[in-house]
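These notes concern the structure reproduced below.
The values are calculated or read from the model by the stated rules, or taken from the named source; none is laboratory data. Quantities reported herein were computed from a predicted structural model and do not represent experimental measurements. Positions of Cβ are backbone-derived with ideal geometry, glycine not excepted, and every protein chain shown enters the neighbour counts. For accessibility, only protein heavy atoms count, side chains too; no ligands or nucleic acids. Shrake-Rupley method; radii C 1.70, N 1.55, O 1.52, S 1.80 Å.
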Amino acid sequence: MRGLLARRMKFHLLGAFLVSVGSASLYKFGVAEPRKRAYEDFYRNYDPMKDFEAMKAAGVLESAPP
């Protein structure tokens with residue numbers, strides 16, 4: 001029984017570190033990077049004036065009558 005806590009603590013700390021690094025990398029490459037690419041793709045072809053004119057024509061904006 002001597003040294004049991006120290007041995008188990010080393011094992012669990014290593015396991016916790018590996019799980020946390022793995023989940024952080026999965027989030028980065030599975031969620032964050034595709035989201036960044038989607039924003040880049042959207043704003044690459046986005047024309048704010050065209051969107052403004054469409055909203056103005058639809059009557060969405062109260063300050064800019066159609």
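Just the projected area, averaged over all directions, of the convex hull on the alpha carbon atoms of the chain: how many nm²? Walk me through the intermediate numbers first.
Numbers: hull surface 32.0 nm².
Its average projected convex-hull area is 8.0 nm².
If you fit an axis through the alpha-carbon atoms of helix 4-27 and take the longest principal axis of the Cα set of the chain, what angle between them do you get, 0 to 90°, nearest 10?
20 degrees
Cα axis of helix 33-44 to longest principal axis of the chain: angle in degrees, 0 to 90, nearest 10?
So the inclination is approximately 10 degrees.
Could you provide, to the nearest whole Å², the per residue accessible area of the range 4-58 with probe 1.4 Å? Can you show the working numbers first?
Numbers: 5000 Å² over 55 residues.
Heavy-atom SASA per residue in the range 4-58 reads 91 Å².
If I compute solvent accessible area with a 1.4 Å probe over the protein chains, what percent of it on the chain is carbon and sulfur?
On the way: 4070 of 6180 Å².
So the carbon and sulfur contribution to the accessible surface is 66 percent.
Suppose every Lys and Arg Cβ carries +1 and every Asp and Glu Cβ carries -1, with no other charges. What dipole size does the chain come out with about its Cα centre, to the nearest 20 debye? Could you put the intermediate results ahead of the total?
On the way: 11 positive and 7 negative charges, 203 e Å.
Using Cβ point charges on Lys, Arg, Asp and Glu, the chain gives about 980 debye.
Within the range 1-65, report the chymotrypsin sites (Phe, Trp or Tyr not before Pro) that DSSP leaves as loop and that have at most 16 other Cβ atoms within 10 Å.
Values: sites: Phe11, Phe17, Tyr27, Phe29, Tyr39, Phe42, Tyr43, Tyr46, Phe52; in loops: Tyr46.
Loop-located and lightly packed - Tyr46.
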